[in-house]
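J.: Mind looking over this structure? Questions follow.
The values are calculated or read from the model by the stated rules, or taken from the named source; none is laboratory data. What you see is a predicted model; the values in this text were computed from it and never measured. Because the Cβ atoms are built from the backbone with ideal geometry, glycine has one as well, and the counts that use them run over all protein chains shown. Surface accessibility is based on the protein's heavy atoms, side chains included, excluding ligands, DNA and RNA. Shrake-Rupley method; radii C 1.70, N 1.55, O 1.52, S 1.80 Å.
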Amino acid sequence: MVLRFALVAACFTLASPGLAQDRIQVVTTTTDLRSLTEAVGGDRIAAVSLVPANMDAEDYQPRPQDALRLKNARLLVRVGLDYDLWADRLLAQSGKPEISRGGPGYVDASFAIAVLELRGMSVGPSDGHAHGSGNPHYWLDPKNAEIVTGTILEALARIDPENGARYEANRLAFLVRLRAKLAEWESKLAPLKAMPMIAFHNSWPYFARRFRLDFVGFIETKPGVPPSPAHLAGIIRTMQARGARIVVREPQEPERDVAFVARKAGASTVTLAASVDALPNTGDYIALFEANVAALTAAAGMR
């Protein structure tokens, strides 16, 4: 009986073109890009992301299995803007020019994005990002998903032209859903327009621009460096002067300093996900914004 079952399973595997081994293997550096790639690729691709959802891609240390994943990949999709520089070393180790810079299977998703906080090679005060190429959190503006998915579509059609029309149809269907949700999110967040807020880390300029939010300060001045008592005191003064009543943190960020400034300024804290899967109910790109919009409106005392 066991042998018969194994033979049937093997025949089913060989006869099922939709199974993962028959799909285009895609590696993305982040969960957000994985979700957007899946929206375009649909059942023609099998995508994996390298960086866990609750980890900043800048701090990621590649693992041995990551190099193996690249060896099996036909498409690599990365954030760019100096956010995932460690991927260059992995690509060099993979020995696959087709998914390296200039190859048909290489995608820098920041292509054609209007980058914010571009300061040449300098880093501004209270920046929190040592990026000469600009702030890399561009996926947190839903409108940028139109650009990113367009770039992914071009790459998939390039390496799999027979299914180009299918990829285009997938993308258009996704954008119809996204645009409808965007109108809903803008309506729900409209009462928060220009409401002063504080964040632990400067992940939110694209999100703030899209929804007209006002982040007036950041607790973290340099990634991985605890804020000084003087800086925390300055943040509290800013909150009191500006009437900031919301402090935003991401789930992987330390809670102590956030709770401290919120308590001193009489503010509430809210945990937002900057990446897909970073919090419960954020399992895809649209769900990410659904959860964040709901959390913000709840923190502001709205329904």
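J.: Roughly how many nanometres apart are two label points built 7 Å out from the Cα toward the Cβ at GLU146 and SER268?
T.: Here the answer is 3.3 nm between the modelled labels.
J.: Once you charge only the Cβ atoms, +1 for Lys and Arg and -1 for Asp and Glu, what is the size of the charge dipole of region 175-287 about its Cα centre, to the nearest 20 debye?
T.: Around 440 debye, computed over region 175-287.
J.: Moving on. Can you tell which of HIS231, HIS137, HIS201 shows the greatest fluctuation in a Gaussian network model of the chain with Cα springs below 10 Å?
T.: Fluctuation is largest for HIS231.
J.: Using modelled backbone amide H atoms (1.01 Å from N, in-plane), which distant-in-sequence or interchain residues come within less than 5 Å of THR282's amide H?
T.: ASP277
J.: Between LEU116 and ILE159, take the C-beta separation as r, use R0 = 30 Å, and let me know the FRET efficiency to the nearest 0.05.
T.: Efficiency, from the Cβ-Cβ distance: 0.45.
J.: With every protein chain left in place, what is the accessible area per residue of region 147-274 in square angstrom, probe 1.4 Å?
T.: For region 147-274, the solvent-accessible area averages 47 Å² per residue.
J.: Hey, another quick one. Report the full-extension gain for the segment ALA230 to ARG63: residue separation times 0.36 nm, less the Cα-Cα distance, to one decimal in nm.
T.: Value of the extension gain: 56.3 nm.
J.: Further, regarding this structure: Say the dipole of the chain comes from +1 at the beta carbon of Lys and Arg and -1 at that of Asp and Glu; which of ALA67, ALA183, THR28 then lies farthest toward its positive end?
T.: Of the listed residues, the answer is ALA183.
J.: When ligands, DNA and RNA are left out and all protein chains stay put, how many square angstrom of accessible area per residue does region 22-114 have with a 1.4 Å probe?
T.: Heavy-atom accessible area per residue stands at 40 Å².
J.: Which of THR271, THR29, THR37 ends up with the largest GNM mean-square fluctuation for the chain, with Cα atoms connected below 10 Å?
T.: THR271
J.: Next question, about the same structure. Determine ³J(HN,Hα), in whole Hz, for all residues of region 145-157 in sequence, where each value follows from phi through the Karplus function 6.51 cos²θ - 1.76 cosθ + 1.60 and θ = phi - 60°; x replaces Gly and Pro.
T.: Using θ = phi - 60°, the values come out as 5, 5, 6, 4, 5, x, 5, 5, 4, 4, 5, 5, 5 Hz.
J.: Another one. Ordered by residue, what ³J(HN,Hα) values in Hz, to whole numbers, does region 199-205 give under the Karplus form 6.51 cos²θ - 1.76 cosθ + 1.60, where θ = phi - 60° and Gly and Pro are x?
T.: Taking θ as phi minus 60°, the curve returns 10, 5, 10, 7, 9, 10, x Hz for region 199-205.
J.: Report the charge-dipole magnitude of the chain in Debye, nearest 20, computed about the Cα centre from +1 at each Lys and Arg Cβ and -1 at each Asp and Glu Cβ.
T.: Here the chain has a charge dipole of around 500 debye.
J.: Keeping the other protein chains in place, figure out the carbon and sulfur percent of the accessible area of region 52-204, with a 1.4 Å probe.
T.: Answer for region 52-204 is 56 percent, counting heavy atoms of protein chains only.
J.: Which residue, GLY134, GLY102, GLY41, tops the fluctuation ranking in a GNM of the chain built on C-alpha contacts under 10 Å?
T.: GLY102
J.: Got a sec to turn the phi values of region 188-196 into Karplus ³J(HN,Hα) couplings, 6.51 cos²θ - 1.76 cosθ + 1.60 with θ = phi - 60°, whole Hz, x for Gly and Pro?
T.: 3J(HN,Hα) across region 188-196, in whole Hz: 5, 8, 4, x, 8, 4, 6, 6, x.
J.: Kindly provide the helix-only [θ] at 222 nm of the chain, computed as the sum of -39,500 (n - 2.57) over DSSP H runs of four or more divided by all residues, to the nearest 500 deg cm²/dmol?
T.: -13500 deg cm²/dmol
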